[in-house]
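Heads up: the structure comes next, in C-alpha cells.
The values are calculated or read from the model by the stated rules, or taken from the named source; none is laboratory data. No experiment lies behind these values; they were computed from the predicted model shown. Methodologically, a virtual Cβ is constructed for each residue, glycine included, from the backbone with ideal geometry; neighbour enumeration extends over all protein chains shown. Only protein heavy atoms, including side chains, enter the accessible area calculation; ligands, DNA and RNA are left aside. Shrake-Rupley method; radii C 1.70, N 1.55, O 1.52, S 1.80 Å.
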Amino acid sequence: MTSELGGTVGDFLRARGVSRRGFMKFCATTASLMAMAPTMAPKVAEALEKARRPSVIWLPFQECTGCTESLTRSHSPTIEGLLFDAISLDYQETIMAAAGHQAEEILRDVTKENWGNYILCVDGSIPLANKGYSTIGGVSNVDMLKQVARGAKAIVCIGSCSAFGGLPKANPNPTGAVAVSDIIKDKPIINVSGCPPIPIAITGILAHVLTFGIPELDHYGRPRAFYGQTIHDRCYRRPFYERGQFAEHFDDEGAKAGWCLFKVGCKGPITYNSCSTYKWNFGVSWPVEAGHGCIGCSEPNFWDWQGLYRPLSTTQWGNWTTVGAAAGVGAVAGAVAALASRRKQRPVGEDVEEAQS
Amino acid sequence: MTILEFARGPAFQFALTLFVFGVVWRLVGTFLMMRRHDFSKPRKHSLVAGGVRSIAMRSLPPHELEKKIVFQHVSGYAWHLTFFASLLLFAPHIPFFKQFLGFGWPTLPNGLALACGAVALGILLALLWRRATRPVLRHISTIDDYISVILTILPLLTGFFAYYRFGIQFIRYETLLGLHILSVCALMVWFPFGKLMHLFLAFPARFQAGALLRRKGVEA
C-alpha cells in the first residue's frame with residue numbers, strides 16, 4: 001500500500017487535483033479546529049506544503065473496526081480524506097489490499113525503511129491475560145505493539161479501546177485488556193478517544209502532528225482542541241437544562257419536545273468531546289440530537305460508570321438491606337443507651353424520701 | 001478511581017449507612033428515654049391538643065421578645081424555606097431522591113432554585129458572621145454550632161461552584177461535582193451527632209413539652 005507518489009503533501013494534493021482554494025480552506029478549517037488564531041492558516045498551509053508525507057502504520061488490536069468505519073465512511077470523499085491519503089498509510093489491515101504473509105512483509109519493510117520516523121496509529125485494546133487471545137500473523141498484540149512502537153516517532157491511539165481499554169476492559173475484563181499507555185512509556189502518545197472518535201478529530205490531529213508536532217494535551221493525553229470542553233458546554237439542549245425542562249422517559253412529551261436528557265442518564269456534563277460542536281456525518285446530527293443522551297464514550301471506563309441510563313446526580317447508595325441493617329443496629333444501640341440511662345435514674349419518690357430524712 | 005466515582009460510590013454508601021444508624025440511634029434512644037411515670041393527678045386532659053398548640057405557639061416569636069428577635073426569626077424562616085426549595089425543587093437533585101423513593105415531583109426553573117440557594121447561602125454566612133462577632137452569641141456558641149453551620153454552608157457553596165463551573169480553568173467539572181457530593185456526605189455523617197438533628201427532634205420536643213405542661217395545667 002506504499003504510495004507511488006513521493007514528495008511533499010502539497011505535491012501529492014496537486015497531483016490529486018485539489019485546488020489551491022480548497023487546500024487553503026482545509027488549512028483554515030484545521031487551524032480553527034485546533035484552536036489556533038486565523039492568522040495561523042497560512043502557516044499551516046506552508047508547513048503542510050513542505051511536510052514530507054510521513055509513513056503511518058495503523059495496528060488494529062482488540063477492536064470492532066468501528067473507528068476505521070467511522071473514519072473511512074464519513075470522510076473519505078472530503079479533502080480531509082485526501083489528506084489522509086496524503087500521508088502514506090502503509091499498513092492498515094482493514095483497507096489494505098494485501099493479506100497474509102504479504103501484509104506482514106509490508107509491515108516489516110515499512111518499519112525498517114522509516115525506523116524512528118513513522119507515526120503509529122493504534123485502535124483496540126491489548127489483552128494481557130493470555131497472549132493468544134488476539135494475534136496477527138501469529139504475533140501477539142502486545143509483542144507487535146512493543147516491536148512497532150520502538151521505531152515510532154509518535155503514537156496516536158484511535159478510539160477509547162486503545163486510549164483507555166474501552167469495552168474490552170469493561171468489568172470483569174476477561175482478556176486483561178489494557179490501553180497502549182499502560183504498556184508504552186517512552187513515546188509521545190496522543191489519545192483520540194471516543195467510541196468511535198469524531199473523524200475530523202483524527203484527521204485534525206494527524207494534520208497537527210504533521211505540521212507542528214504534538215498538540216497540547218489534557219491530563220488524559222487528549223488534544224485540548226477537541227477535548228477541551230464538555231458535551232454539556234456546547235449542547236444545543238442546554239437552555240432546557242437551565243429552565244429545568246427535562247425528558248423523564250425516552251417516549252414522553254419532554255423527549256418529543258427535545259428537552260434536556262439529563263434525567264435519562266446523559267453524561268454530557270462530565271464528557272469531554274466535541275460531538276456537540278462538529279457533530280457526525282458532515283454535521284448532520286449527533287446522538288443527543290437523535291434523542292439519546294451522551295454515554296460518555298470518550299471518558300475512561302465509561303462502560304462501568306454506574307449505568308448508561310442512570311442520571312448523573314444519582315449515587316451508588318447500596319441497597320435496602322444495608323440501610324435496614326444500619327437502622328437495626330441503630331435501633332438496638334438507641335434502646336441500650338436509653339435503658340442504661342433509665343437505670344441510672346432514681347426511682348420515683350426517692351429524692352423526696354432523701355429530703356425528708 | 002476519580003473523586004467523583006469515590007464520592008458517588010464508597011463515600012456516599014458510608015455516609016448513608018452512618019446517617020441512618022445515627023438518626024435511628026438518636027430517635028430510639030430519645031423516645032425510650034422519656035420521662036418517668038408521673039403519678040400525680042393531671043390537672044387538664046387533652047394532652048395531644050396541648051402538644052400541638054405548643055408546636056404552633058413556639059413556631060411564632062414570643063410576644064415579649066417579638067421586636068428584639070425579628071432578625072433571627074425572619075432569617076430563620078427565610079433560610080429554611082429557601083434551603084429546602086433549593087434542595088427539593090432543583091431539577092438535577094430529583095433523580096437523587098427518586099433513586100430512593102421511586103418517584104419524582106415537579107421542580108422550579110433552575111434559575112429560581114439557584115436564587116433560593118443563593119439566599120440560603122447568604123443568610124447562613126450572615127448568621128455565621130453574627131455568631132462569631134457578637135460577644136454574647138459567641139459566648140453561648142459551642143463547637144457543635146460552628147461545625148453544623150459550616151457543614152451546611154459547604155454543600156451550598158460547592159453546589160454553586162459545580163453549577164456555574166467556577167474555577168473551571170484550574171479544576172475539572174467532575175471534580176467540582178465530586179466535591180459537592182463529598183460535602184453532602186460530610187453533612188450526612190455529622191447530622192445525627194450534632195444540632196442538625198433538630199430536623200427530626202424539634203417538633204417532637206415541642207410536642208412533649210406542650211403535653212407535659214398541659215398536664216400540669218399550664219397554657220404554654
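When chain A is treated as a GNM with alpha-carbon contacts under 10 Å, the residue of A:Ser55, A:Ser181, A:Ser313 showing the greatest mean-square fluctuation is A:Ser313. Among the chymotrypsin sites (Phe, Trp or Tyr not before Pro) within segment B:30-129, those in coil by DSSP and having at most 10 neighbouring Cβ atoms inside 10 Å are B:Phe39, B:Phe103. Among A:Ile155, A:Ile200, A:Ile136, the residue with the largest mean-square fluctuation in a Gaussian network model of chain A, with springs joining Cα atoms closer than 10 Å, is A:Ile136. In terms of its alpha-carbon gyration tensor, segment A:268-351 comes out prolate; a/c meets the 1.5 threshold, and the first ratio a/b outweighs b/c. Under 15 Å of direct C-alpha separation, and excluding same-chain neighbours fewer than eight residues apart, A:Lys131 reaches these aspartates and glutamates: A:Asp143. Per-atom-type breakdown for segment B:1-108 gives carbon and sulfur 72% of the accessible area (1.4 Å probe, protein chains only). Cα centroids of segment A:239-266 and segment B:95-162: 28 Å apart.
A simple count of charges around A:Pro127, restricted to other residues whose Cβ falls under 13 Å of its Cβ and scoring Lys, Arg +1 and Asp, Glu -1, yields -1. Put simply, chains B and A cover up around 3800 Å² of each other's accessible surface, both sides summed, when a 1.4 Å probe is used.
Dipole magnitude for chain A: about 680 debye, using +1 per Lys or Arg Cβ and -1 per Asp or Glu Cβ, origin at the Cα centre. Computed with a 1.4 Å probe over protein heavy atoms only, the accessible surface of segment A:201-335 comes to 41 Å² per residue. With 5 Å bins beginning at zero, the pair-distance distribution over Cα atoms of segment A:212-342 amounts to 2, 9, 15, 16, 14, 10, 7, 6, 5, 5, 4, 3, 2, 1, 0, 0 %. Legend: helices of chain A (whole DSSP H runs) are marked when their alpha-carbon atoms reach 24 angstrom or more along the helix axis and their mean Kyte-Doolittle hydropathy is at least -0.5; marked are A:320-344.
Evaluated at q = 0.12, 0.14 Å⁻¹, a Debye calculation over the C-alpha positions of segment A:79-204 (equal weights, vacuum) places log10 I(q)/I(0) at -0.46, -0.63. What does the C-alpha gyration tensor say about the overall shape of segment B:25-150? Classify as rounded when a/c is under 1.5, otherwise prolate if a/b is larger than b/c, or oblate. Oblate, because a/c is 1.5 or more while a/b does not exceed b/c.
Placing a pseudo-label 7 Å from each Cα along the Cα-to-Cβ vector at A:Ala97 and A:Asp304 gives an inter-label distance of 4.5 nm. Taking the longest Cα principal axis of chain B as reference, the axis of helix B:143-164 is set at about 40 degrees. With all protein chains kept in place, the per residue accessible area of segment B:97-220 amounts to 52 square angstrom at a probe of 1.4 angstrom.
In this Cβ point-charge picture (+1 for Lys and Arg, -1 for Asp and Glu), segment B:74-175 has a dipole of about 180 debye about its Cα centre.
Taking every pair of Cα atoms in chain B, average 1/r, invert it to obtain the Kirkwood radius, and report Rg/Rh to two decimals. Answer for chain B: 1.03.
Its Cα gyration tensor gives chain A an equivalent ellipsoid, and the semi-axes of that ellipsoid, as √(5λ) in whole Å with the largest first, are 55, 26, 18.
Of the residues A:Pro311, A:Pro54, A:Pro239, the one that moves most in a GNM of chain A with alpha-carbon contacts below 10 Å is A:Pro239.
Other protein chain C-beta atoms within 10 Å of residue C-beta, averaged over A:255-268: 1. Bridgeable lysines around A:Lys153 (alpha carbons under 22 Å apart, same-chain partners fewer than 8 residues away excluded): A:Lys50, A:Lys112, A:Lys185, A:Lys187.
For chymotrypsin sites (Phe, Trp or Tyr not before Pro), the sites in segment B:133-215 that DSSP calls loop and that have at most 15 other Cβ atoms within 10 Å are B:Phe166, B:Phe170. Dipole magnitude for segment B:20-105: about 420 debye, using +1 per Lys or Arg Cβ and -1 per Asp or Glu Cβ, origin at the Cα centre. Do any residues of segment B:164-201 lose at least 30 Å² of accessible area when the full set of protein chains is present rather than just their chain alone, and if so which, with a 1.4 Å probe? In segment B:164-201, residues shielded by partner chains: B:Arg165, B:Arg172, B:Tyr173, B:Glu174. Taking trypsin sites (Lys or Arg not before Pro) across segment B:16-65, the ones in a DSSP loop with at most 11 further Cβ atoms lying within 10 angstrom of their Cβ are B:Arg35, B:Arg36, B:Arg43.
Net charge near B:Arg214, counting Lys/Arg +1 and Asp/Glu -1 over other residues with Cβ under 13 Å of its Cβ? Result for the local shell: +4. Convex hull volume of the Cα atoms of segment B:1-80, normalised per residue: 168 Å³.
Ranking A:Val329, A:Ile136, A:Val192 by Cα position along the charge dipole of chain A, where only Lys, Arg, Asp and Glu carry charges on their C-beta atoms, puts A:Val192 farthest toward the positive end. Cα-based Rg of segment B:113-220 per 2.2 N^0.38 Å, rounded to two decimals? With N residues counted in segment B:113-220, Rg over 2.2 N^0.38 Å equals 1.41.
Counting only DSSP beta bridges with both residues in the protein assembly as shown, the antiparallel share comes to about 30 percent.
Count Lys and Arg as plus one, Asp and Glu as minus one, and take only other residues whose Cβ is under 14 Å from that of A:Pro188; the net charge is then +3.
For chain A, the carbon plus sulfur part of the accessible surface works out to 54%, probe radius 1.4 Å.
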